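Okay, so here's the structure we're looking at.
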Amino acid sequence: MSGEVKPRVRVPGTAAAGETIVIKTLINHRMETGLRKDSDGNTIPRQIINRFTCEFNGETVIDVAVEPAVSTNPYFEFEAVVPEAGEFVFKWYDDNGDVYETTKAIEIG
Amino acid sequence: MELTRRGALALGAGAALSLVLPAASARAAIEDSIANFTGGADIGEGGITLTTPEIAENGNTVPISVAAPGAVAIMVLASGNPNPDVGIFRFGPLAANQAASTRIRLNGTQDVIAIAEMADGSFVQVANNVKVTIGGCGG
């Protein structure tokens, strides 16, 4: 499954120091709830993204504990302060132990 | 089988009980989640906004937004789902505001609840009713 998981993040390329920016994130993932049954009546095991985090230069922006009630292809939108140039690190934690990670650099200008 | 008055009453009582029990266990699950989050503290009102659509045509993906200025964490619960937990948003020092948006699954028409933990350790909550046309939990 990990081969098809592709995180997508929208972060502006530049910001003024101390500016507030909007971050939008999306990752394609089935978010299997563990409640559904297949055509043979067997329960399909749960496999979801159970945690999402965003950090900037090592400081936390947001840390979300995710439950199966979050939709397929989980989407998160939030706002961050950019005190200096640096890098946003986004991580999604899968039930199967995989961690999908992506980064976005931002310049001050 | 001959249907006696006593038998009919017993059947009726059993049916009523089976209707009440799931509702009671769901409420217990919500109370457990809230107690885990608040540690049993009193929950006030005000200072938190929850934005939900009045009517969601598709329960599989319902856009919601929560905002609670000054919060350290916001928990979202869907009271009518098989598992009421939706998620807990914790805000770090670089969060510009204590607000976030996401998309959630709702099993049917129900109240969506958001509870915020404020920096001073107090809790506030808000609940919105969302009418769902097609449920989103695969059941």
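The values are calculated or read from the model by the stated rules, or taken from the named source; none is laboratory data. Predicted model only: the values in this text are computed from it and were never measured. Here Cβ is always computed from backbone atoms with ideal geometry, including for glycine, and neighbour counts include all displayed protein chains. For accessibility, only protein heavy atoms count, side chains too; no ligands or nucleic acids. Shrake-Rupley method; radii C 1.70, N 1.55, O 1.52, S 1.80 Å.
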Problem set entry | Checklist (1) surrounded by fewer than 19 Cβ atoms within 10 Å (Cβ to Cβ); (2) modelled with pLDDT of 95 or more applied to B:Gly40, failing item | (2)
Problem set entry | Hits in segment A:24-38 - residues which are under 17 Å from B:Gly87 (Cα atoms) and part of a strand (DSSP E or B) | A:Thr25, A:Leu26, A:Ile27, A:Glu32
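Residue-by-condition table, conditions (1) open to solvent by 40 Å² or more (accessible area, probe 1.4 Å); (2) modelled with pLDDT of 95 or more:
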position: A:Gly34; (1), (2): no, no
position: A:Asp38; (1), (2): yes, no
position: A:Asn57; (1), (2): yes, yes
position: A:Val99; (1), (2): yes, yes
position: A:Ala105; (1), (2): yes, yes
For this session: Examine segment A:8-15 for a residue that is of a type in the set (A, V, I, L, M, F, W, C), surrounded by fewer than 22 Cβ atoms within 10 Å (Cβ to Cβ), assigned to a strand (DSSP E or B) and in contact with a Ser or Thr (Cβ under 8 Å, 6 or more places away or on another chain), and state whether such a residue exists.
Result: yes
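Output the strands (runs of 3 or more DSSP E) that fall wholly within segment B:76-139 and possess 2 or more residues being touching a residue at least 60 places away in the same chain (Cβ under 8 Å) and open to solvent by less than 40 Å² (accessible area, probe 1.4 Å), or say none. Working first, answer last.
Working: elements: B:85-91, B:95-104, B:110-118, B:123-134.
Fully inside segment B:76-139 and qualifying: B:110-118, B:123-134.
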Seminar exercise, completed: Subset of segment B:47-75, residues of a type outside the set (Gly, Ala, Ser), surrounded by 22 or more Cβ atoms within 10 Å (Cβ to Cβ) and within 11 Å of chain A (Cβ to nearest Cβ), comes to B:Val62, B:Ile64, B:Val66, B:Ile74, B:Met75
For this session: Please enumerate the residues belonging to segment A:38-73 that are more than 8 Å from chain B (Cβ to nearest Cβ), over 21 Å from B:Ser65 (Cβ atoms) and among the charged types (D, E, K, R).
Result: A:Asp38, A:Asp40, A:Arg46
Seminar exercise, completed: When segment A:78-97 is checked residue by residue, the ones that are closer than 12 Å to A:Val9 by Cα and open to solvent by 50 Å² or more (accessible area, probe 1.4 Å) are A:Lys91
